[in-house]
Structures are given as structure tokens and as C-alpha cells.
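For reference, the structure is listed below as C-alpha cells.
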Amino acid sequence: MNPMIDMSNPSQYVLPRGFRFGAAKAGLKKSGNTDFALIVADAPASAAAAYTANRVTAAPLILDKQNLRATEGKLRAVAINAGNANCAAGQAGLDAARATCEAIAQLFACRPEEVFPSSTGVIGVPLPAEKIIAALPALATHLGADFGHFQQAAQAIMTTDTVEKTAFARLEVATPDGKSQEVRIAAFCKGAGMIHPQLIPHATMLVYILTDAAVEPAILDGYLQPAIEVSFNRISVDGDTSTNDTVLLLASGASGATVGAQNAGFAAALTKVCTSLARQVVADGEGITHIVELHIEGAATDGDALKVAKAIAHSPLVKTAWAGGDPNWGRLAAAIGYSGAQIDPDRFDICFGELAICRDGGRAPEFDEAAAHDYIAQREFSVTIELHQGVGSCFFWTTDLTHEYVSINADYST
């Protein structure tokens, strides 16, 4: 059945059953704001995850992979700290992550391997796990299953984010007796800088997606990977791939509704939630003034379409032109040419929205520079590239590059 989704109406913020949430001040953020969040499943939940492709990988991700293998894809708790990435800290980083897992396991009577740690913040600084452990007992007594507690967790993991990022879905799943049962999906994430996720298979982005459907871990992974490919792997703010990028999908089974393989409604709902979060990350990019949707059409393959999109999205010349509202389409043409995709330099077209900019590799006869400037002066606009090489295509979301981005990142750690 088709998913029923409303991600803008607060009355629709109905959370998946089987989870509790909470946040605390562990003293990791210089601001003194909440910086540690917990998600606890009432019973072992099925899990599927994807991680950064960066070969410099934070300690919690190393432990996460080990833990999911040890439990065959089952988790009881997720522990997320902000203010410290726990990356490039050697054995001390692994020890800190393990100590956190062990302390949580004692509190919730589960195995340490059933705990999934995550971190975000400054790289290369030892994580003071003792601060997190000291905050745990009080936090454990104040967990809740309502939207307020969910929102607290979403806010606690923010770093340079200006707003928390959440998305929700509800759908009906058919049951063997011919009836149906409501299944819920809720998710939160953080990310504003160091955003060019390259998640495998195939500041940091952390994503936590929860559902109360009953789904086996292997089947859950089969839903997560395609959803990631058309959402989180289609965004870029600055072209940097973080050491900590993580997407985690948990299924509690508390709805009583089983989702098997190839459930189109569940796949659609999950993809819409992921796409909403991905676009929210772009919209909150550090210092941005423009959000750009790239649509690449007519490529030889989908892979070639993605090459062109990434070349454009990562070009400082293109991004700074967008920041100034400068319709300098020659910078787009240059990026298309060096993208590595199959192209014919005499056969590609460029449009800004409905405005023809370039045709057959040259300036379109009807090009109106003033109209083009006015169009890309908007906060949100689209650019369509037609390559005339085949049927490959993709959507990609990116941003401009501003003085404010430089200011934020010039003194991030100080």
C-alpha cells in the first residue's frame, strides 16, 4: 500500500513503538549544551548500517562493525556524543568507545556488543569517556517515548547545525489475515559541514532511522542501501567526506507487522524519509545562501550522470559564482568537460530552471543574462544538464560556497 507521509504537520509526529530516547549534558561541548543522546530499544532490534568510505575511520565505527557482526544484526542501545569525534586517537579511542558500551550494557542489562556508539566533533582529541559514563545513570532514569524526548536526542547531537533535522512516515502493511497494521518510521540526523557522504556498501553526517516494523536484519539492509544511494549519496556541501559518517536503521518489531523483502510501500516511505533528511542537511549547510538541485539527463549511464553532478557540485568556481548570483555558465561547461563522463562538447545543453543558457555546447541564442542572474539569486534554484549521450540520469543536491563557510571553518577547533 502507498505510504501516508506528512513531514510538516506536528500532529503527524507519531513515533515508532518500542524505543525510548533521552539527552544529557556530559560536558563535551564548550557551549555547555546537551551533547550526549541515547536511543534504547525495549527488546533487541534488527539493525542495518552504512558507514563512511573514508579510510581514516573513527573508533566508534570500527567498534560498530564488530558489534553488529557479533550480534548478527541486533542492538539494544545507540549512544551518540557530540563535541568530540573520537577519531585519530589510537587505542585510547577504541578503549573509550568500549568503556561507554560496557557502562550502557550494565545499565540496561544487555551485552556490550548490543550497544552502537557514535561520535561527532573535533578530530584528534581523546574522548573523555568518563564524562559520558558519569552522565549515564541520571539519563537512564529520564528516558521517554514521546516526541519531546525524541527531539532532545536530535538536538543533543548537533554541532555546527542551526536546527535539528527530523523526518516521519506512516504506512499500512498488509497482514496474513487480510487486514492491515500501521507501521511508523521516524528519523533524526545531524550534518552541516564536511558533507559529501560516500557511504558503503557503495562537520559529519550521522543518521538514525527507526521503525516499529518487524524486519530481519538482512532484509532491512536490502531496504537501506538503495534508499541511501538516491538520498545521502546524492548530496554535497563542501566535497569533504567525514571520518564518522554513519546511517543506522533499527526495526523494533513492536507494531506486530512484518515487512518482508520487496515491500514497495515500505521502500517508498524509507526513501522519502532519507531524501527529506538529506535535503535538510543541504539546506543547513555551513554558511550557505543557495540550495541547488542538479538534474543530469541524457548521460551514457547513471554513473556518468553522477560524475557530472559531482564535478559541478565540488567546483569552487561554480559554487562561488552561485554565491554571487553570477550566471557564469562557462564554469559549468568546464566541470562537465573534466568530469570523466562520456560527452560530446558540441551536444550538451544547460538550463537554469526553464531558462535556456547553453545549447549544443555554446551560448543559447535566447540567453538572457539579467533573467539568469535574477533566477539564481533565489535561495533555491535548479540546474538541468542534457548530455545527449544516452538515458542515464540523476538528481543531486548541493550548495554555494560563501565567506561565512570560511569563517566557520577557519576557527572551528579554537
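The values are calculated or read from the model by the stated rules, or taken from the named source; none is laboratory data. Predicted model only: the values in this text are computed from it and were never measured. In this analysis, Cβ positions are derived from the backbone assuming ideal geometry, glycine residues included, and neighbour counts consider all displayed protein chains.
Do any strands (runs of 3 or more DSSP E) lying entirely in region 108-193 carry at least 1 residues that are surrounded by 22 or more Cβ atoms within 10 Å (Cβ to Cβ), in the same structural domain as A43 (by TED's automatic domain parsing) and of a type in the set (D, E, K, R), and which ones are they? Reasoning before the result, please.
Working: elements: 115-120, 165-174, 180-190.
Of the strands (runs of 3 or more DSSP E) lying wholly inside region 108-193, those with at least 1 residues that are surrounded by 22 or more Cβ atoms within 10 Å (Cβ to Cβ), in the same structural domain as A43 (by TED's automatic domain parsing) and of a type in the set (D, E, K, R) span 165-174, 180-190.
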Original post:
Quick check: is even one residue across region 30-45 among the basic types (K, R) and farther than 17 Å from S119 by Cβ?
Top reply: no
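Go through D346, D304 for me and flag whichever is over 21 Å from Y405 (Cα atoms), modelled with pLDDT of 95 or more and surrounded by fewer than 16 Cβ atoms within 10 Å (Cβ to Cβ). It would help to see each step written out before you state the result.
On the way: D304 fails: surrounded by fewer than 16 Cβ atoms within 10 Å (Cβ to Cβ).
On inspection, the qualifying residue turns out to be D346.
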Original post:
Does A105 qualify as being closer than 16 Å to A23 by Cβ and either crowded, with 16+ Cβ neighbours inside 10 Å or touching a Lys or Arg at 6+ places or on another chain (Cβ under 9 Å) (or both)?
Top reply: no
Original post:
Within region 54-77, is there a residue that is of a type in the set (D, E), assigned to a strand (DSSP E or B) and at pLDDT 95 or above?
Top reply: no
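Here's the yes/no breakdown for (1) crowded, with 22+ Cβ neighbours inside 10 Å; (2) farther than 21 Å from Y223 by Cα; (3) touching a strand residue (DSSP E or B) at 6+ places or on another chain (Cβ under 9 Å):
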| residue | (1), (2), (3) |
| --- | --- |
| A254 | no, no, yes |
| A269 | yes, no, yes |
| D284 | yes, yes, yes |
| E293 | no, yes, yes |
| E297 | no, yes, yes |
| A309 | yes, yes, yes |
| A321 | no, yes, no |
Subject >> strands (runs of 3 or more DSSP E) (entirely within region 285-398) containing at least 1 residues that are more than 21 Å from the chain's Cα centre (by Cα) and closer than 20 Å to N233 by Cβ >> reply: 291-299, 380-386
